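S.K.: Before I ask anything, here is the structure I am working with.
The values are calculated or read from the model by the stated rules, or taken from the named source; none is laboratory data. Quick caveat: nothing in here was measured; it's all calculated off a predicted structure. Glycine gets a Cβ as well: all are built from the backbone with ideal geometry, and neighbour counts include every protein chain shown. With ligands, DNA and RNA removed, areas are computed over all heavy atoms of the protein, side chains included. Shrake-Rupley method; radii C 1.70, N 1.55, O 1.52, S 1.80 Å.
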Amino acid sequence: MQMRILAAVGVLVSAGVHLYLWFDVFRDAHVVGPAFLLNVAGGLVIAVLLVRWRHWVPLVLAVGFGVSTL
């Protein structure tokens, strides 16, 4: 369970950085701005799933989230 919480924290940090960048820089960007908000929403959902649902799917989603964010 500790690894899932650590992964959820990592996903939340990434989502928080994207939210900060959206407010600071990318709010008015046409394509990139909404993509940053989508990243934030996806990160929040994945973090909740990691903590609440003990299944392999949230783990795969977290890895995919990290790869797609890079």
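S.K.: Looking only at region 57-67, which residues are free of Cβ contacts under 8 Å to residues at least 12 places away in the same chain and buried (at least 18 other Cβ atoms within 10 Å of the Cβ)? Before you say what the answer is, go through the steps one by one.
M.R.: Taking region 57-67 and keeping what is free of Cβ contacts under 8 Å to residues at least 12 places away in the same chain, we get 57, 60, 63-64, 67.
None - no residue of region 57-67 is free of Cβ contacts under 8 Å to residues at least 12 places away in the same chain and buried (at least 18 other Cβ atoms within 10 Å of the Cβ), so the list stays empty.
S.K.: Is there any pair linking a residue in region 24-52 that is closer than 10 Å to Val11 by Cβ to one that is open to solvent by less than 30 Å² (accessible area, probe 1.4 Å) and of a type in the set (Val, Ile, Thr), with Cβ under 9 Å and at least six apart or on different chains, and which?
M.R.: Gly42/Val11; Gly43/Val11; Leu44/Val11; Ile46/Val11; Ala47/Val11; Leu50/Val11
S.K.: Within region 5-17, take every residue that is surrounded by 17 or more Cβ atoms within 10 Å (Cβ to Cβ) and touching a residue at least 40 places away in the same chain (Cβ under 8 Å) and give me the one that is farthest from Leu59 (Cα to Cα). Show your work before the answer.
M.R.: First, pick out the residues of region 5-17 that are surrounded by 17 or more Cβ atoms within 10 Å (Cβ to Cβ): 7-8, 11-12, 14-15.
Now restrict to residues that are touching a residue at least 40 places away in the same chain (Cβ under 8 Å): 7-8, 11, 14.
Details: Ala7: 8, Ala8: 10, Val11: 11, Ser14: 16 Å.
For region 5-17, the residue satisfying everything is Ser14.
S.K.: Return yes or no: is Arg54 closer than 15 Å to Met3 by Cβ, open to solvent by 60 Å² or more (accessible area, probe 1.4 Å) and over 16 Å from the mean Cα position of the chain (by Cα)? Before the answer, list the steps.
M.R.: Details: closer than 15 Å to Met3 by Cβ: yes; open to solvent by 60 Å² or more (accessible area, probe 1.4 Å): yes; over 16 Å from the mean Cα position of the chain (by Cα): yes.
Yes.
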